[in-house]
1. Given a Förster distance of 51 Å, report the FRET efficiency between Ser295 and Lys232 from their Cβ-Cβ distance, rounded to the nearest 0.05.
2. Going down the table (Lys291/Lys322; Lys151/Lys236; Lys322/Lys352; Lys266/Lys291; Lys97/Lys169), which pairs top 18 Å between alpha carbons?
3. Report the label-to-label distance for Glu110 and Lys322 in nanometres (one decimal), using points 7 Å from each Cα along the Cα→Cβ vector.
4. Using R₀ = 56 Å, calculate the FRET efficiency as 1/(1 + (r/R₀)^6) where r is the Cβ-Cβ separation of Glu27 and Asp178; round to 0.05.
5. Hey, how many Å between the Cα centroid of segment 247-304 and the Cα centroid of segment 153-197?
6. Can you pull a Stokes-Einstein diffusion coefficient for segment 57-134 at 25 °C (0.890 mPa s), Rh from Kirkwood over Cα pairs, as a whole number of µm²/s?
7. Quick query: amide H of Ile254 versus all other amide H atoms, modeled in the peptide plane; which residues come in under 5 Å with a sequence gap of 5 or more or a different chain?
8. Within segment 99-182, report the chymotrypsin sites (Phe, Trp or Tyr not before Pro) that DSSP leaves as loop and that have at most 10 other Cβ atoms within 10 Å.
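The numbers here are math on the coordinates, done by the rules we state, and not lab data. On a predicted model such as this, the values are computed, not experimentally measured, just so you know. Here the Cβ positions follow ideal geometry from the backbone for every residue, glycine too, while neighbour counts run over all protein chains shown.
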Amino acid sequence: MTDNSNQFLDALKEMQGVEVGNIVNVEVLSVEDGQIAVGVENAGVEGVITKREFTNDRNADLNQLVKPGDKFEALVLRRAGGDKENGEFFFSVTRLKEREAYKELEKVFEEGKTVEGTVTGAVRGGLLVNVGTRGFLPASLISNRYVSDLKPYIGKKMNLKITEIDPNKNRLILSRKDLIEQEREEAFENVASQLVVGDTVEGKVSRLTGFGAFVDVGGVDGLVHISEISYKHVDKPSDVLKAGQDVKVKVIGIDDDRHRISLSIKQTLPSPFEEATEGLHEGDIIEGEVKSLTSFGAFVEVADGIQGLVHVSEIANKHVDKPSDVLKVGQTVKVKVLSVDPSDRRISLSIKQADPNAAKSENNSRPRRRQDSVTDKYMNDNDNGFALGDIIGDQLKDKD
């Protein structure tokens, strides 16, 4: 065939609408050798569609998908190289679907909407997701926290946001993190509007970290710092709590700017002070051990780990310069409870008031007012009415 003849045929085919990049209607002629032979309707042009260009499923059987006589649209992909009797063009169905999918996805992207996709595989650095065409979900955009294992996501459906789209480069970048952050902000505003610092609510432990536990309260995670888990020392939150555990928490802080809720488990429980002093009342007389001495008093342990203060003025019925002059560390003493202040966690005690004979002994030990012998002689119950001059007169007579 001459060059002029070839040019004529090419021109004829172009007139009939068969050129690279066009969308044409094709009819299946046969299915064999892992490819589909097709003919372009009303064009007299034949070509092939490889398995890869018909389906993304590598395990698919083409004979189960199409049969001779089936008609559908296909994209004219390229001319066949060399002289081939069974076709002049390669066609693609998958790329046509991708082109159509990209048009829809560009619209979704411009409107800021979400798209549903199915994770088809995991590769280095992220996940492959089918959203009508293949998109890439980087590992850093899967969640709002670090994800180390990608395999559990394979086969799952999820809503995603499009962060980057370029049909010419067949580039589609997706994000789940952006959507999670958006949903988290909306959920935070909803939950935070119903909470007040000081509220006690029910929650469920969602996850544990080295610095605390995250507790779900109405769909939003609040943090229980490790110091707020228990009144006792906690080395690791996992030693005390487990994921999925139901807990009662107190709201101790709400940060609207950072969308954070601070919680406490221990503040919903009686403190060691409250437990130890539950049966302790003002006026009780108990025994305790002197734990330390200061210039202003003595600290006495009245329960396990609970100490009260005996002020220096409450140590004895006599003046005490230094508590160490009267008491020593380790000494067991009786004390009277003067007051118990749960809010400040303070207990005031008295040693001198714990002795029922304190007032009596104080009176007995108080020095009597000195009186001379003359006053003792005349100023008694039987000698009322004697004047001072009379006493003096008797003294003068004695001298005569």
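1. 0.95
2. Table pairs above 18 Å Cα-Cα are Lys151/Lys236; Lys266/Lys291.
3. Spacing of the two 7 Å Cα→Cβ label points: 9.0 nm.
4. Values: r = 45 Å, r/R0 = 0.80.
Efficiency for this residue pair is about 0.80.
5. After rounding, the separation between the Cα centres reads 43 Å.
6. The estimated diffusion coefficient comes to 157 µm²/s.
7. Ser262
8. Values: sites: Tyr102, Phe109, Phe136, Tyr146, Tyr153; in loops: Tyr146.
Hits after loop and neighbour filter: Tyr146.
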